[in-house]
Amino acid sequence: MSIAKLEGGMMETTNSISNRYAKLLEGSWLTQFRYGSNPWMARYVYSVLFLLANLFAWAVRDYGPSALTEMKRLKSCEGGKDCLGTEGVLRVSMGCFIFYFTMFVSTVGTSKLHGRKELWHSGWWSAKVFFMIALIVLSFFLPTEMILIYGDIAHFGAGVFLLIQLISIISFITWLNDCCLSEKYAARCHIHSMLLATAAYIVSILGIILMYIWYTPQSSCLLNIFFITWTLVLLQLMTSVSLHPKINAGFLTPGLMGLYIVFLCWSAIRSEPDDKCLRKSEPSRDWLSIISFVVAVLAIVIATFSTGIDDKCFQFRKDETQNDDDVPYGFGFFHLVFATGAMYFAMLLIGWNYHHPMKKWTIDVGWTSTWVRIVNEWLAVCVYLWMLIAPLVWKTRHLDMPT
C-alpha cells in the first residue's frame, strides 16, 4: 500500500512539473525568465555569459596593458606582460572553455526534463556564475607554456566549431528547400521560394560586383581577383549541379549557398592585413571598424547559440515523435558547441596567430584569418555538392550490388 502511494506521489509530482513547463511554453519568452529555472530560459543565460566572456577577452586584449598594471604582482605571469594582450585572450578563452566543457560532461545524455542533469543545466545560476568567474581568474595564474599549448589546441577546436556551423547552415538550407518542394507546401511556397531564390541570386551577383569595385582598385590585386572570380565559378558550379536532371534540387539551395559563400569571400578579403587593395575613404575607416567589430561579436554569439540548439542534423537516426517530457534540445551538444565557440572567438580576436599583433577594434584580421575563411568557403561548397550527389551515388552502388 505504501509503495502504491509513493508511486502515486511521484506521478503527481511529474505531472505538476510537466504542467508548469507547458504553461511556460505557452507564455512569452519574458515569462520564461520570470517564472523559475527552465531549459528555454537557460539557453539565453548561457548566451549572455558567453557574450560577456567575449567582451572581457576583447577588453583584456585592447586595454589590458594600460588598465591592468597591477598584474606585475603575479609572479607566474612574469611581471604581468604575458598575461595581457594576445595571451590574455587565450587565458579568458581557456577559462570559458573549461566551464562549458565541464557543463558538457555533466549534462551529456540528458533526455528527460525532470532529471538531476536537467535541473543542473537549468538552475544553480549563482554557483555556475561564480564557477565561471573563478575559472577565468585562475587561468591568469597558469604558466605561459600551458597557455601556449592551449592556443595550439584552440586552433583545432575552432576548426571543429566552423565545421559544425557549416553543417548546421547547409542542413538548414536543404531542410528549407525540402519543405518548399514537399507536397504539403509545394503549392503555397512555390512563389515565395522563387522570389527568395531570385533575391538571393541578385544579392550574390551584386555582392560579387561590389567586391570587384571595392577590393580590386589595381590590376596588381591578383589574389583578390582570384578569390572573387573563383567564388563566381563556385556559384555557377553549385547551380549547374543543383539543376541537373538526376538531382533537380531547384534554385533555392544554390541561391542561399551563393549568399553564404559570397559572405565568406567578403569576410576573407576584409581580414587581409594590407589595405592597399581596399578602396575606402580614410575618415570613415575608424567608424567602420567599430561597427564591424560590434557586428562580428554579436554574430559569434548568435552563430554559437543557433548552432548549439540545432543538434538534429547530427543525428544518424532521426525520431520524429517527441514526448512532452523530452528535452527541447541536446544539452550536451549545446555546451560542446559553446566550448568550441570559446576557442573560436579566441582565434578571431588574435587573428589565428598569437605572434601577430592586433589593432584596437579589429577582429579576425591577418593572412591566417583570410585563408581560414577561404578554405571554409571551399569546404562549404564541397560539403553542399556532396550532400546533393551522395544520395545518387549510394543509390547507384546499391543497385550495382549483387543480390
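The values are calculated or read from the model by the stated rules, or taken from the named source; none is laboratory data. Because the structure is a prediction, the values reported are computed rather than measured. Note: ideal-geometry Cβ built from the backbone for every residue, glycine included; neighbour counts use all protein chains shown. Side chains included, ligands, DNA and RNA excluded: accessible areas come from the protein's heavy atoms. Shrake-Rupley method; radii C 1.70, N 1.55, O 1.52, S 1.80 Å.
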key: Options 379, 392, 298, 399: the member that is open to solvent by 60 Å² or more (accessible area, probe 1.4 Å), assigned to a helix (DSSP H, G or I) and either at pLDDT below 65 or touching a strand residue (DSSP E or B) at 6+ places or on another chain (Cβ under 6 Å) (or both)   = 399
query = Given the structure, is residue 158 touching a residue at least 24 places away in the same chain (Cβ under 8 Å), within 25 Å of residue 355 (Cα to Cα) and touching a Phe, Trp or Tyr at 6+ places or on another chain (Cβ under 7 Å)?
reply = yes
Tally, over region 236-256, of residues that are among the hydrophobic types (A, V, I, L, M, F, W, C), under 27 Å from the mean Cα position of the chain (by Cα) and assigned to a helix (DSSP H, G or I) = 4
Identity of the residue in region 110-145, β-branched (Val, Ile, Thr) and in a helix (DSSP H, G or I), that ends up farthest from the chain's Cα centre (by Cα) = 144
remark   = Flagged in region 100-146 as under 16 Å from residue 342 (Cβ atoms) and polar (S, T, N, Q), in numbering order, are 102, 139
inquiry  = Return the residues of region 213-225 that are part of a helix (DSSP H, G or I) and closer than 20 Å to residue 203 by Cα; say none if nothing qualifies.
reply    = 213, 214, 215, 224, 225
task = Scan 172, 141 and give me the residue that is touching a residue at least 40 places away in the same chain (Cβ under 8 Å) and surrounded by fewer than 13 Cβ atoms within 10 Å (Cβ to Cβ).
result = 141
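Scan region 345-376 residue by residue and report those that are among the hydrophobic types (A, V, I, L, M, F, W, C), in a loop (DSSP other than H, G, I, E, B) and modelled with pLDDT of 80 or more.
352, the sole residue that qualifies.
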note = The condition from (1) buried (at least 16 other Cβ atoms within 10 Å of the Cβ); (2) closer than 26 Å to residue 328 by Cα; (3) touching a helix residue (DSSP H, G or I) at 6+ places or on another chain (Cβ under 8 Å); (4) at pLDDT below 85 that residue 50 misses is numbered (4)
inquiry  = Checking residue 101 against (1) open to solvent by 20 Å² or more (accessible area, probe 1.4 Å); (2) touching a Lys or Arg at 6+ places or on another chain (Cβ under 6 Å); (3) modelled with pLDDT of 55 or more, only one condition comes out false. Which one?
reply    = (2)
task = Of the numbered conditions (1) part of a helix (DSSP H, G or I); (2) more than 18 Å from residue 177 (Cβ to Cβ); (3) open to solvent by less than 20 Å² (accessible area, probe 1.4 Å), residue 233 fails exactly one; give the number of that condition.
result = (3)
ask   = Does at least one position in region 146-167 carry a residue that is open to solvent by 40 Å² or more (accessible area, probe 1.4 Å), of a type in the set (S, T, N, Q) and under 20 Å from residue 44 (Cα atoms)?
value = no
remark   = Within region 53-83, restricting to residues that are open to solvent by less than 20 Å² (accessible area, probe 1.4 Å), of a type in the set (A, V, I, L, M, F, W, C) and modelled with pLDDT of 55 or more, the one that is nearest to the chain's Cα centre (by Cα) is 53
query = Out of all the residues in region 175-214, which are of a type in the set (Ser, Thr, Tyr), modelled with pLDDT of 85 or more and open to solvent by less than 50 Å² (accessible area, probe 1.4 Å)?
reply = 201, 204
task = Only residues that are crowded, with 16+ Cβ neighbours inside 10 Å and among the hydroxyl-bearing types (Ser, Thr, Tyr): list them for region 111-138, please.
result = 122
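Could you grab me the full set of residues in region 257-276 that are farther than 13 Å from residue 207 by Cα and either among the charged types (D, E, K, R) or open to solvent by 20 Å² or more (accessible area, probe 1.4 Å) (or both)?
Result: 270, 272, 273, 274, 275, 276.
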